[in-house]
1. Please state which one of Ser291, Ser266 is surrounded by fewer than 14 Cβ atoms within 10 Å (Cβ to Cβ), of a type in the set (Ser, Thr, Tyr) and at pLDDT 90 or above.
2. Can you find even one residue in region 587-596 that is without any contact (Cβ under 8 Å) to a residue 24 or more places away in the chain, open to solvent by 50 Å² or more (accessible area, probe 1.4 Å) and among the hydrophobic types (A, V, I, L, M, F, W, C)?
3. Is it the case, given these coordinates, that Lys280 is of a type in the set (D, E, K, R), over 43 Å from the mean Cα position of the chain (by Cα) and either under 30 Å from Gln97 (Cβ atoms) or open to solvent by 70 Å² or more (accessible area, probe 1.4 Å) (or both)?
4. Say whether the condition of being open to solvent by less than 30 Å² (accessible area, probe 1.4 Å) and modelled with pLDDT of 80 or more is met by at least one residue in region 372-381.
5. Can you tell me which of (1) open to solvent by 80 Å² or more (accessible area, probe 1.4 Å); (2) touching a residue at least 60 places away in the same chain (Cβ under 8 Å) is the one Phe239 doesn't meet?
6. From (1) out of contact with any Asp or Glu (no Cβ under 6 Å at 6 or more places or on another chain); (2) open to solvent by less than 50 Å² (accessible area, probe 1.4 Å), pick out the condition that doesn't hold for Leu390.
7. Mind listing just one residue for me: the one in region 393-431 that is hydroxyl-bearing (Ser, Thr, Tyr) and surrounded by 15 or more Cβ atoms within 10 Å (Cβ to Cβ) and, of those, modelled with the lowest pLDDT?
8. Among what's in region 151-195 and is modelled with pLDDT under 85 and of a type in the set (Asp, Glu), pick the residue that is least open to solvent (accessible area, probe 1.4 Å).
Amino acid sequence: MNCLFGYLNAARSAYSTATALLDQHNNKEDWHVEFLDQNENLSNHTNKGIDALDKLCNLLRDRAAIETEYAGKLRRLVKNYQPKKKEEEDNEFTSTQAIRNVLKEVGDLAGQREVVSETLLLQTIQGMTLLSKQLREDRKRCLAEGGNLQQNLTTQLSSLDRAKRNYEKAYRDSEKAVDNYKKADMDLNLSRAEVERYKTIMTSKIQQSDDAKNEYANQLQKTNNLQQQHFTILLPAVFNRLQELDEKRTRGIREFIIGAADVESSVAPIIARCMEGMVKAGESINEKEDSFKVIERYQSGFTPPTDIPFEDLSKLDPDAVQDSTYSNSTSHLLTVKGTISANKIKKRVGIFSLFGSTKNSLTADGQKEDFSDLPPNQRRKKLQAKIAELQQKIAQETNARDGLMKMKIVYEANSSLGNPMTVEGQLNESEHKLEKLKIDLKKYQGYLDKANQLQTANNSPQANRNQLQNGHRASRHSNGSADDHHDDGDDQPDDAGSLSSSASPESGLGTSHTSLPGSGQGSANENAIGEDAYYETEVETLQPLGTCRALYPFEATSEGSIPMNEGEELQVIEIDQGDGWTRVRRANNSNGWDEGFVPTSYIECTLFA
């Protein structure tokens, strides 16, 4: 901007200087008064002036070429650094969006440089070229006319000089003839005839002298008239045209310099907005938001494994010990693996998969069709995105089908507009596509329901409490109930990723009280059933550990939990064991007990001493 202002100030300074010189010049005489004998210098001056105009034109043309090259390089820069298609998933981050916005502003900046180049070429440079051509033609005509005038004056001066020389010669001859006649007339020895001859010669010479004199006088008058006209009318007119030509050239240089600066200043506000856009792009970056989006993208839904319980080998069956050890180690490895590299889980195919598993087709990116190879949270997100995509396609295809049906009705009503059979094929194809999309939508909705049911089953307080007390249950049910946890070898690989997850009330994950049989949670369900039977036998023997008062109302949304109202008094029969849930009970209207889990953060406990 400083350079631009300097550019404008220089143009205005030149304009002021030219104006001052013009005023000073107006106070004096014009060129035809001051430079009557400077034809050659004026010719050189006007030629140099037009050369200066051409030099300025070449300067601006080279600058326009530089602007075009600069804009082209900016365009290539934007193209080279545009995010690739495989990087489009990173567009949600504020830093990536800021970079894209910067590239957009750089592209806009390139466009403004192109505007400067095009305006200079189409307006300024083209105008300067035309002006230079016109000035050279006018100067050539003026110089040719001035040369003709000078040639005419020179020719007239030559004629005057020749007439003067003739007059001088004739005058000398007449003077000599008069002298000869006088001598002859005084000479008595000459005859009368000789004297008459001298007289005749004298008379002839005098007549010739008079004629030469008249010719000289005539040429002198013509020369004076031509010379006066030449220096007062003809030559001043040529000089005036040369002066106007030079002033036009000077005025053109001034206007073109200011015009070039105006071209630059016209895009300066837009370039400033581009800079402001880059600043805003930088200010829009939010590191906390990006960190949260990283969590949202790669959150697996797994939780760290619980502590491995101590197993007394002297009190356990050897087979049960081996199965229990295998179960704990496998669950731990799968949980850690799913947390660290959830997107790269590769399940080993065992011999049982040849008979018990169903083939699941792979998507274009190498993932399973139902995304069961992803962690729970990522799987649900993928399924929800796929369902939204299918719903959008169904809406589009429905609109297309409706349009074809309307077209068919119009064709049937007026056959001159078209043949209805031409639309029939397109309509059948649209119906087929729509049916296929609906089938896919129903399939993926089933996948999503299954994923939600799996998550609900694992989010129940009873399931978490079973995991925390796994060692205790195994020791108390050493008759083989612990072995049932991994009997289903076919479903185990598919559902290992969702064996442990958060079940706090704030998570909002549990939405169902039931889980479908055979959905990959068979072992967990069997374990839960066994634990329910175990607790049913212990209800009568469990003594209350204290009382609690509900601080907030709670709706039971998970299996094993019970609802409560704000201010309700309940009995505490099992304290929180680190999973965020407390086991309580209360009397019901049928002289029985309602027992279940409630969030520890929702109650205020008072334990007995």
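1. Values: Ser291 fails: at pLDDT 90 or above.
The unique qualifying residue is Ser266.
2. Here is the first cut: in region 587-596, the ones without any contact (Cβ under 8 Å) to a residue 24 or more places away in the chain are 587-592.
Checking which are open to solvent by 50 Å² or more (accessible area, probe 1.4 Å) leaves us with 587, 589-591.
Pick out the ones that are also among the hydrophobic types (A, V, I, L, M, F, W, C) and you get 587.
Scanning region 587-596, I find at least one residue that is without any contact (Cβ under 8 Å) to a residue 24 or more places away in the chain, open to solvent by 50 Å² or more (accessible area, probe 1.4 Å) and among the hydrophobic types (A, V, I, L, M, F, W, C), so the answer is yes.
3. Numbers: of a type in the set (D, E, K, R): yes; over 43 Å from the mean Cα position of the chain (by Cα): no; either under 30 Å from Gln97 (Cβ atoms) or open to solvent by 70 Å² or more (accessible area, probe 1.4 Å) (or both): yes.
No: the conditions fail for Lys280.
4. no
5. (1)
6. Of the numbered conditions (1) out of contact with any Asp or Glu (no Cβ under 6 Å at 6 or more places or on another chain); (2) open to solvent by less than 50 Å² (accessible area, probe 1.4 Å), the odd one out for Leu390 is (1).
7. Here is the first cut: in region 393-431, the residues hydroxyl-bearing (Ser, Thr, Tyr) are 398, 411, 415-416, 422, 430.
So of that shortlist, the ones also surrounded by 15 or more Cβ atoms within 10 Å (Cβ to Cβ) come out as 411, 430.
On the way: Tyr411: 79, Ser430: 86.
That would be Tyr411.
8. The selected residue is Asp187.
The values are calculated or read from the model by the stated rules, or taken from the named source; none is laboratory data. Because the structure is predicted, anything quoted here is derived from the model rather than measured. Reconstructed Cβ throughout: ideal geometry from the backbone, glycine too, with neighbour counts over all protein chains shown. Just so you know, the surface numbers come from the protein's heavy atoms only, side chains and all, with ligands and any DNA or RNA stripped out. Shrake-Rupley method; radii C 1.70, N 1.55, O 1.52, S 1.80 Å.
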